[in-house]
Structure formats: structure tokens, C-alpha cells
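The values are calculated or read from the model by the stated rules, or taken from the named source; none is laboratory data. All figures in this text were calculated on a predicted structure; none of them were measured in a lab. Cβ placement follows ideal geometry from the backbone for every residue including glycine, while neighbour counts extend to all protein chains displayed.
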Amino acid sequence: MEMDKVIFGDNQFFAVNHLSDEKSRAQAIQFKDDSAIIRVLDQAREVGINTFMCTTHDRIASVCDYMRANPEKYRDFKIYPCMPYAHKYANAVTDLGIVGAIKQYVPGNFFSAITKGGAAFLTKDFIGLMELFIDAEMKMFKGIKIPVIFIQNVLVDMILGLKMYEVFKEYDSYIRKKYNSEPGYITMNMPALLDALNSVGIENPIICCSINKIGFRMSGGKEIYEKYLAEKAFRPIAMQVLAAGALRPKEAIEYLGNFPKIESVLFGASSKSHIQETKELIEHYL
Amino acid sequence: MIRAGIIGLGKMGLSHAAIVSPHPSVELVAVCDTSSLILDAFKKFSKVKVYSDYIKMIDSERLDFVVVATPTKFHYKMVRYALEKGIHTFCEKPFSLTTAEGENLVELANQKKLINQVGYHNHFIGTFRELKRLLKAGVIGDLVHFTGEAYGPVVTKEKGGTWRSDPGEGGGCLFDYASHVINLIQEIIGRPVKASGSQLKRIYSRDVEDAVYSILTLESGLSGILSVNWSDETYRKMATSLTILGKKGKIICDATEIKIFLKDGDAKENLPKGWTIKYITDFAIPVNFYLRGEEYSAQIDYFVDCILKNKPAEINSFKQALDTDKVIELLIADSKK
């Protein structure tokens, strides 16, 4: 499966700005209506971007409803979902504890859902629990093309740090089997993750990670990232290429051109001219 | 390799486990929690030993350090046991429920010469460090006023109780959110010695406060405002900031940026007249493993480094966390007036 070179992201819609909390709140106001999100998505589509990578935020559900209602318009459009929307769960865990958060978010109530289906909870069927979570998160994309499904970095890096690599293997096989999609991984620790995935037999994985000239959010340092980009087998999607805005687009994307292995670049923007400019730069240098 | 154990596998404990484990100088040997669900997950997927009793874990595992990330009411007995056994201890914030307990732990840690640190991670965010440096350099002159704020969406609906909803267990916004801001004020501007007009407001919680407002007076006599609310859903996640007004200018600082306004330029600092905005990209502390923010790894790196070099932690020591507990006590007493 080939990935588009240019992938449109969603941070700007959900008040995620790694450089400024203040700007992020301004964005929350700008995109308070779903129609404002759809308008920007359509602008991206008009300049030829057909892949939208987005977190499983509640508001994406409304965007999906709109896409299903307009199938002609979105015929070539693909979504790469990234799950879970971590802050939803993190705030719930702070408030309710881990088991409380599971009770709140797994459909119908995890405990009854599980006992209905057999003795899964009693035998601590973690893989079954993971599958329930994935299905709950993926529900909103029914009928929409989702060729790659990502786990968010906070979860990937948690599993990586805990060295529970078998969980990746289970995730990988479930995504392929149930959704007929490619599993993807977002991480802030690319070299360590790639080693971990290889160690459980996952070869040539799709990994979305920070790649930028100043080494921002490239844990372990820029040198080892560059070495892996040159030598190892994986399918990189570059994110945070502007280092949260510290780099100008041209120099940022020119840097990516040093690594022919990079298959795609993920970026977000709110104006059509900005989207077009960045897309042209990516196509020029990659 | 030094040997580590984690006590308490809630959100912070899991996060610490995931950060400690990849540390190149540390072996995560054991974890401890009362939830069989969590422990079984470790049994199934990791090689770490699991315990449901921290005493058994400490007695059996020859640990060099522990991370205590349990509900605050358990900190005292767990930290005390670890220190008595000669184990370096990293404790989650807030430190203790009563200052008498806190004093006792500070004394014990110092007497045993053990590395002790509390998880006030904001001090490992580059922008707050830069703020401290700029204030020390006197760039905004004599201080006139400060505002310390934190807002976030933790409790946004009417509700009853988990451990966090019991005021006797340190479960409200004061211990959880406001403690971070008080600690920042204390370490960056100066130690608060008086709280006035304090209000602990319930918004959605049944038993604990969801917002904290107070006027704090520092040792220096400078006063300022504390304004914290964890029931504010206009914030996507916790947002903490300090605004400091001086005779020569003003600085507004949060985890992502530092905005400096100077009436006249400062040649030594290379800061022009008017506004200068600097971003975290210039100040982020490089880490080998990233989870949720550089600061979480950086504080563990610092703790491990202090153990390896056998030098007392100067950032976030038990003593500093105890000072914060004392301000919390002042604030509670004032709110009851």
C-alpha cells in the first residue's frame, strides 16, 4: 500500500499548539464549529491533498458523518485515524482512577460487556480488552477508507517504556485482521521503537515521528535518528517538521530531502495559501 | 546498574515506570500496586517482578531507589519505610498530608544522607528555568506583583467520590493542581508566608474544592494572586502560568513560551525594549526517552544522576516540597476564617 506524500493533520482544529498555549486557545475559538473544520479540509482537498490524519476526538465523529453524507465529494479521501484521544482518558484517569476510566469509556461498560461475552474479565483477557477499546475508537469511521490506523505516541511510548513489546504484536495483527489496514505507530522515540518492533517480528513498520533540523522531540538526539533514516528498514512519516514553528517551512522541508526513505510528511495549517505553499515545498523536496 | 522499584501504578506510577525502565543506568526490578488488573498486565507482558505489598518488595529486592506514586495519604508510611531501609526515594507530589509528617521525613532523609526528590516537574521545563534566571538577573527590576495560575478540565461534571474526592486524603484541586503553582511561586519568586482572602470553591465535586483563590504574601513582603481551577473545560489540558510585574517590565511564562516586556532594553541579556517572545524549542532539556513531556524524563534523569554522583538533590528536595505543604496548610487555615 502506497501512502500519499502529503498528509494533512488535525492539531490546528483541536487547540494543539506545541509552541503556544495562547495560540492554541485562539484556534479553539476559530474552529468551534464543525463547518469551519470541514471548510479547511475541503481547501486541503482542493489543492490535491487526499489523506487526513486525525485523532479519535469526539468532533471527528461529526466530520465523518458529513463525509458519509457526501460520498461523491469524498470518494478519493482517506483518513488515517490515531487512537486514542489521550487527554480524554488522562483526565478521566486523574479523576476516576484506571479501572474507573475503563468503566466510563468502554462501550456499554467493560465489566458487563466482558462477562456477557464469557469469562474474559475474570481471566484478565487484556488482548480482548484492547480489541474492545480499538473497536470503540474505530466506530466513528464506519464506511470511510482507513488504510492506516495509528496508535498515539503517548500510548506507544508508554508500552515501549514498559517494555511490553508483545502488545505491539497483538495490536499489529488485530489491525490487519479486523480492519484490513496497515498498523502505524506514532512515537517520540523512533530508534528505540523500531528496535522494539523488530524484536517481536514486526518488519518495515509505518512510523510517524518528529524529524526536524533542530532535533526537537527527537529523543536520543538527531544523530541516531539520521542514522536510522539512512540505514534501517521502516516507512517513516515525518511530523513536527517545523519544530513547532521554530523553523521556516523552506529550510525545514529542504532538510527532509536528505532522507529519501521518508515516504510522507504530516502537517497542519489553517489557511489555503499556507496549505498550498507547504504542499508544494514537500512535493519539490521529497 | 542501579536497581529501582515503583510503588503505586496509577497514571503517574505507570508513567514513572515507563521512564525509569529505559534509563541506561537503571534496571526496573519490581513494581507494586493493589490492583490485580494492573499487576496481571505486568505479569503477562513484562519481565518486572510484581508485588501487592510494598514492604515485601522493599525487603526482598535490594533496591537502590523507589518511586512512591500512591495516593498522598500513603506517602508518609511508605517513604518512611524506604528511608529506614536506606533506599533513595522519589515521591510524587504533594509530599505529605500534614507538615508534622513531612518534617519527620525530611529529617530522616537528611540523617540517613539519602537522595530525596518530589515530582514538581515544572522545574524541569526550560521556560520556567529561564524565568527564574531572568528574575535573578533582575531584568524587570524590583518586583511589584505576581499572578500564579493553573486551569484544566479534570472535574467537569457533578460527581461523588474517588480517593481524590476526599478532603482528608489530599484529593482536591488545592493538593493536586494548586500545589504545583504554589511550588513554582515558592522556588521562582519567593516563599509565601501568609495567605489571605483564601477561597476553596466547590464547583462540581461534592466533597472537595474545584478551585482555589488566594492572596499570597512572600517573605520579601511582595504579594500576589493565586488563581487555580481544575473544572475549566476551556483548557484542553492543565495549563500553568506565572505573570510577574516589575518596575522595569513584565514577564509572562508558561510551559511553552516566555513573553518578556521591558520598558527599556537590557543589553546584557540582549533583550530589546518592548516585547520579546521566546519558545520552549530554545529551552527544552534534551532527554533520551520522551513520554508526555521532557520534564518527566528530565526529573528522573536528575534524580538518578544525584544517586550516581552521591550529591544531594538541589531541585525539588523533600524540604522544598515540605515548604509547599506548609503554604497549603496556611491556605486551608485562612479559608476557614
Please go through the stretch B:20-45 and pick out each residue that is at pLDDT 95 or above and more than 24 Å from A:Ala192 (Cα to Cα). B:Cys32, B:Asp33
For residues that are surrounded by 22 or more Cβ atoms within 10 Å (Cβ to Cβ), facing chain A (nearest Cβ under 10 Å) and not β-branched (Val, Ile, Thr), tally how many sit in the stretch B:23-38. 2
Can you report the number of residues in the stretch B:109-136 which are closer than 24 Å to B:Met238 by Cα and in a strand (DSSP E or B)? 2
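For (1) buried (at least 20 other Cβ atoms within 10 Å of the Cβ); (2) over 13 Å from the mean Cα position of the chain (by Cα); (3) of a type in the set (Gly, Ala, Ser); (4) over 30 Å from B:Glu107 (Cα atoms), each residue gets a yes or a no:
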| residue | (1), (2), (3), (4) |
| --- | --- |
| B:Asn270 | no, yes, no, yes |
| B:Gly274 | no, yes, yes, yes |
| B:Phe283 | no, yes, no, yes |
| B:Val287 | yes, yes, no, yes |
| B:Leu291 | yes, yes, no, yes |
| B:Ile307 | yes, yes, no, no |
| B:Asn310 | no, yes, no, no |
| B:Lys326 | no, yes, no, no |
What tally of residues in the stretch A:37-73 results from selecting those that are part of a loop (DSSP other than H, G, I, E, B) and under 20 Å from A:Phe150 (Cβ atoms)? 4
Among (1) more than 14 Å from chain B (Cβ to nearest Cβ); (2) of a type in the set (Gly, Ala, Ser); (3) not in a loop (DSSP other than H, G, I, E, B), A:Gly201 falls short only on (3)
Go through the residues of the stretch B:308-317 one by one and say whether even a single one is among the aliphatic types (A, V, I, L, M), in contact (Cβ under 8 Å) with a residue 60 or more places away in the chain and within 24 Å of B:Tyr76 (Cα to Cα). yes
Which condition number in (1) without any contact (Cβ under 8 Å) to a residue 24 or more places away in the chain; (2) within 9 Å of chain A (Cβ to nearest Cβ) is the one that B:Val48 fails? (1)
Take B:Gly170 and tell me if it is under 22 Å from B:Lys319 (Cβ atoms), without any contact (Cβ under 8 Å) to a residue 40 or more places away in the chain and surrounded by 19 or more Cβ atoms within 10 Å (Cβ to Cβ). no
Residue that is nearest to the other protein chains (Cβ to nearest Cβ), among those in the stretch B:224-251 that are buried (at least 19 other Cβ atoms within 10 Å of the Cβ), under 24 Å from B:Trp275 (Cβ atoms) and among the β-branched types (Val, Ile, Thr): B:Thr240
Tell me, please, whether a residue that is within 17 Å of B:Ile2 (Cβ to Cβ) and either acidic (Asp, Glu) or in a loop (DSSP other than H, G, I, E, B) (or both) can be found in the stretch B:87-108. yes
Can you name the residue in the stretch A:165-215 that is surrounded by 23 or more Cβ atoms within 10 Å (Cβ to Cβ) and among the aromatic types (Phe, Trp, Tyr) and, of all such residues, is farthest from the chain's Cα centre (by Cα)? A:Phe168
Find the strands (runs of 3 or more DSSP E) located wholly in the stretch B:137-256 whose residues include 2 or more that are aromatic (Phe, Trp, Tyr), and list them. B:143-151
